[in-house]
Structures are given as structure tokens and as C-alpha cells.
């Protein structure tokens, strides 16, 4: 059974398919058809809804997510807010809805509910958001029938108000009390031959995986949901870890950040950008806000995708995975975690509990993402450089690329060419040529092999230019 709030109504569901998305639940079971289906793959934002959950200090955190990429198991212990609940009992529109009406931001009607929910989530978490915060919040809502400006005008009119009071403010304490009662309850779903267990602690998770080593873990499900919605496969045995709060923590020690594998990428960014601004910028371009609110750092690693944005960065930073199998723990460098295309080197019943990222030392770190769109797109090539230079000589080099091989990997020949050499253009020219010995990329619909090789070399040269000339800004976002 799963228990959650649908707006303010407590729902208890026993026989839902674990493969059912929140979108299909709303439209076919709960008959909340205000939430629309667009792309069905988390790209357009049409189906945006809001999940509210308790933080460690018993406050409500509101997160806009794509209903088409979230399985119903993720609702356990949370509040699901839909477009139908925003107006009050007297029929008065919510301030977000009214602003879109007044400033002509409402569109044909199909995508407007998703835009409303994205802005609703923004103002519930940020009382006076900046223009950039508004742009970021809407980056995953791709339809703009009326043009961008009326929607931005509506959002910015809300930002000028000191406080926006709505029915959710009035019911906040009641909502918190209801969710508190569900906080530590495990859950489960079963239908036909499909099952999903929802543990609430890491000990429960470890025991479940000992009993069901073949089960697949889901956290945000933003990648795995595609197997159901796009490939029409059935996922037989699932374990949803989104209810395990122990894996939603970040510990800041003297020399490293320890990030729980269950931390959403949007929360990771707030901490990582303090130490690695480039990492923060990269995460801001990771898919859309809705995806970042649901996808986790551990999940991005476990998918072992050759174009997973965080993977080359973690390799270059010499990050380590904390793994657990039953009561046994071990540590594995991220660069050793990938055994083949979309294969992660875990033992049966083993899972990623947290990720350790060293804090900056005296090295120079940069990372770059090349994609067809600036936002809401996957990488064509992603590169990360972590290089030490003392008295004009390269003393250490960790260089990793994604999108250049079947796994994200280090450029070992390039690194060896740099080590012990003068940090000058002649050395960089040779290192760029050495990349041809490190990678044999494929041609596909996103780029040719020649393009990828050229881009990989050019990114190294860009790193050199930025390191030599800090006053020259090479980032296209600076001129946006």
C-alpha cells in the first residue's frame, strides 16, 4: 500500500501497477485531467505537477516534476498538488493563475497548466524570485504560444509582491501533520506479476536487496521510466528508494562533500557550486528544472550512461562511491565504476549509498558541456579538466570525457603528454593530438565521429585559453 495526499485528500492505494506513471494515475484513476500529456518523456513540461514533502526541519519543500516520468511509488509519504487544487473553495483563481490571465500569458490551454505549476512551485519556495530564477523555473516548459514576454511579465509581477498568501498557507500545519504521520512508514505495490517495495531506511533497503538481488532500484525514475513510456517494457521487480531520507543528506567535512545517493540534482547544485562553480553551471544545464528536482546524483551514476553529465566531472574530481551490500561496505573510485556500455560494476545486492567528492586543492578545475540546445538537452560531448600547474610545469592531470566512448573515461594518453611538460601552446597542441589515441567515438544522430574528436580537442584548447587569460570570457551564457 502507498499513502499520500492528493491535494488535501489522503489516498491509500493498494493495487496500482508499479509501472504506472503519476500522469496516467491522475488521468485514468483520479480523473484529474487538468494535467495534460505532451511528449511523454520529460522534455516539454506539459504534465508538470508539484510534489510537497517534509524537510529535516519539518518544513514543506515544493518541487515541480514531470508527471510522465514519475512512477506512482514516488508519491508515498508526499503531497501531490495538481492544477485543479489551486483555486480556492470560492472559485477564486490562485495568484499565479490570475497573473497569467491579467498579463496575457495564458496560451491555447494545453501547456498553460504546466506553466502554472512551475511558477506555483517557484513562489512557494522563493518569496521574491529574480528574473533568472523565473527563467530557470520555466526552462522545462517548452511551449510559448503567446511568446516569452507575457509569461515572464506575469511571473515577475508576482515577484514584486511581498507575500503571496493562498489556501496552501492556511492549510500548511494540517498538511505537515498528515505527512509527519506517514514519514517512517514503508510501502509497497503489487499488480499481476509486478512488484515494488518502498523502504524507509537504508537497513531495510539492504535487507530487501539481499532477498531480491535482481530487483532494480529507482529514485527519480527519470531515465528508467522511458523503458515503460517509450519502449513499452514491463519492469517486474522494483525497489523505490525515494522514501529513504538517510540517503538525502549532504555532509560537508574539512576535505570533502559526502552526498547521499538519493539527493536530487537541484539540491546537489546548491552545495557543489560553492566549491566548483563550473559543476554548478553544468547541473543548471542538466535537462530541465523538473528533471533536476527528481533525478538524483546516485541515479545518474547508476545508469552508467556514456553521456551522463556528472560522470566525467566526478571522474576528473577523483570522486569515490560508498557502496553497501547487506552489512558490508566498500569504496570504489568513480573511474572504476563502469564495466561496459550502461553497466555499473556493482555486486548482486550492492547499492550506492553516497558519493564522496574531494574539496578543491591547488588544482585548476573546469568542465564544459556541448549540446544541440543550451538547456534541456543531453550532451554530445562533456569534458572535465582538473590540472595542477607549478612554475609553468604540469604536475598533475585528470582529464575525463563523456560522449566519446561506450563509457565515460579518462584521457590517459592526453594526461601523460601533459605531465612534466611546460604549460604552453606547443604542449597543448600535442595533447590535443594525443586525444586521438584515447578515444574512437561513434557517429550517431547527434554528431559524427569527426565532430566529436574535433570538439574534444577544442575543449582542451578552451581550457588552456581560460587558464592563461582569466579576463577573457569564452562562455556563451555570459552574453545571453
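Within region 382-393, restricting attention to residues that are more than 34 Å from the chain's Cα centre (by Cα) and in a strand (DSSP E or B), which residue is nearest to residue 435 (Cα to Cα)? Steps first, please.
Let us first name the residues in region 382-393 that are more than 34 Å from the chain's Cα centre (by Cα), namely 390-393.
Filter again for in a strand (DSSP E or B), leaving 390, 393.
Details: 390: 23, 393: 20 Å.
Within region 382-393, the match that is nearest to residue 435 (Cα to Cα) is 393.
Consider residue 262 against the criteria (1) in contact (Cβ under 8 Å) with a residue 60 or more places away in the chain; (2) within 18 Å of the chain's Cα centre (by Cα); (3) within 21 Å of residue 347 (Cα to Cα): it satisfies all of them except one. Which criterion is unmet?
Going through (1) in contact (Cβ under 8 Å) with a residue 60 or more places away in the chain; (2) within 18 Å of the chain's Cα centre (by Cα); (3) within 21 Å of residue 347 (Cα to Cα) one by one, residue 262 breaks only (1).
Could you list, in sequence order, all residues of region 369-383 that are more than 10 Å from residue 309 (Cβ to Cβ) and either touching a strand residue (DSSP E or B) at 6+ places or on another chain (Cβ under 7 Å) or not assigned by TED's automatic domain parsing to the domain that holds residue 315 (or both)?
Within region 369-383, 370, 380, 381, 383 qualify.
Report, by residue number, each residue of region 35-44 that is at pLDDT 95 or above and either over 14 Å from residue 22 (Cβ atoms) or touching a strand residue (DSSP E or B) at 6+ places or on another chain (Cβ under 7 Å) (or both).
Once the filter is applied, which keeps residues that are at pLDDT 95 or above and either over 14 Å from residue 22 (Cβ atoms) or touching a strand residue (DSSP E or B) at 6+ places or on another chain (Cβ under 7 Å) (or both), region 35-44 yields only 35.
Evaluate region 144-167: report whether one residue or more is modelled with pLDDT of 95 or more, exposed (fewer than 13 other Cβ atoms within 10 Å of the Cβ), closer than 23 Å to residue 82 by Cα and assigned by TED's automatic domain parsing to the domain that holds residue 24.
No, every residue in region 144-167 fails to be modelled with pLDDT of 95 or more, exposed (fewer than 13 other Cβ atoms within 10 Å of the Cβ), closer than 23 Å to residue 82 by Cα and assigned by TED's automatic domain parsing to the domain that holds residue 24.
For region 447-454, indicate whether the set of residues that are part of a helix (DSSP H, G or I), in contact with a helix residue (DSSP H, G or I) (Cβ under 9 Å, 6 or more places away or on another chain), surrounded by 18 or more Cβ atoms within 10 Å (Cβ to Cβ) and at pLDDT 95 or above is non-empty.
Narrowing region 447-454 to residues part of a helix (DSSP H, G or I): 449-454.
With in contact with a helix residue (DSSP H, G or I) (Cβ under 9 Å, 6 or more places away or on another chain) added as a condition, the list becomes 453.
Subset that is surrounded by 18 or more Cβ atoms within 10 Å (Cβ to Cβ): 453.
Okay, now just the ones that are also at pLDDT 95 or above, so 453.
Yes: region 447-454 contains one or more residues that are part of a helix (DSSP H, G or I), in contact with a helix residue (DSSP H, G or I) (Cβ under 9 Å, 6 or more places away or on another chain), surrounded by 18 or more Cβ atoms within 10 Å (Cβ to Cβ) and at pLDDT 95 or above.
In region 330-360, what count of residues is obtained for those that are within 29 Å of residue 273 (Cβ to Cβ) and part of a strand (DSSP E or B)?
The number of residues fulfilling the criteria is 13.
For residue 188, are the conditions met, namely being surrounded by fewer than 20 Cβ atoms within 10 Å (Cβ to Cβ), at pLDDT 95 or above, under 26 Å from the mean Cα position of the chain (by Cα) and farther than 21 Å from residue 321 by Cβ? Spell out the reasoning first.
Values: surrounded by fewer than 20 Cβ atoms within 10 Å (Cβ to Cβ): yes; at pLDDT 95 or above: yes; under 26 Å from the mean Cα position of the chain (by Cα): yes; farther than 21 Å from residue 321 by Cβ: yes.
It is true that residue 188 is surrounded by fewer than 20 Cβ atoms within 10 Å (Cβ to Cβ), at pLDDT 95 or above, under 26 Å from the mean Cα position of the chain (by Cα) and farther than 21 Å from residue 321 by Cβ.
With the structure loaded, tell me whether residue 109 is part of a loop (DSSP other than H, G, I, E, B), crowded, with 22+ Cβ neighbours inside 10 Å and not assigned by TED's automatic domain parsing to the domain that holds residue 288 or whether it fails that test.
On the way: part of a loop (DSSP other than H, G, I, E, B): yes; crowded, with 22+ Cβ neighbours inside 10 Å: no; not assigned by TED's automatic domain parsing to the domain that holds residue 288: yes.
Criteria not met by residue 109.
Tell me which residues, restricted to region 303-338, are surrounded by fewer than 22 Cβ atoms within 10 Å (Cβ to Cβ), touching a residue at least 24 places away in the same chain (Cβ under 8 Å) and under 22 Å from residue 383 (Cβ atoms).
303, 304, 305, 307, 318, 320, 335
Pick out the one residue from 116, 101, 135 that is buried (at least 22 other Cβ atoms within 10 Å of the Cβ) and at pLDDT 90 or above. Before you say what the answer is, go through the steps one by one.
Details: 101 fails: buried (at least 22 other Cβ atoms within 10 Å of the Cβ); 135 fails: buried (at least 22 other Cβ atoms within 10 Å of the Cβ).
Result: 116 is the single residue among 116, 101, 135 that is buried (at least 22 other Cβ atoms within 10 Å of the Cβ) and at pLDDT 90 or above.
Hey, could you check region 459-480 for residues that are in a helix (DSSP H, G or I) and touching a helix residue (DSSP H, G or I) at 6+ places or on another chain (Cβ under 8 Å) and say which is surrounded by the most Cβ atoms within 10 Å (Cβ to Cβ)?
Narrowing region 459-480 to residues in a helix (DSSP H, G or I): 459-468, 476-479.
Narrowing further to those that are touching a helix residue (DSSP H, G or I) at 6+ places or on another chain (Cβ under 8 Å): 460-461, 464, 477.
Values: 460: 24, 461: 14, 464: 20, 477: 11.
Checking each candidate, the answer is 460.
Can you tell me which residue within region 59-77, out of those that are over 19 Å from the mean Cα position of the chain (by Cα) and part of a loop (DSSP other than H, G, I, E, B), is modelled with the lowest pLDDT? Walk me through it before giving the result.
Here is the first cut: in region 59-77, the residues over 19 Å from the mean Cα position of the chain (by Cα) are 59-60, 76-77.
Those left that are additionally part of a loop (DSSP other than H, G, I, E, B): 59, 76-77.
Values: 59: 94, 76: 98, 77: 97.
Restricting to residues being over 19 Å from the mean Cα position of the chain (by Cα) and part of a loop (DSSP other than H, G, I, E, B), the top hit is 59.
The values are calculated or read from the model by the stated rules, or taken from the named source; none is laboratory data. Note that the structure is a prediction, hence the values are computed from the model and not measured. Note that each Cβ is placed from the backbone with ideal geometry, even for glycine, and that neighbours are counted across all protein chains shown.
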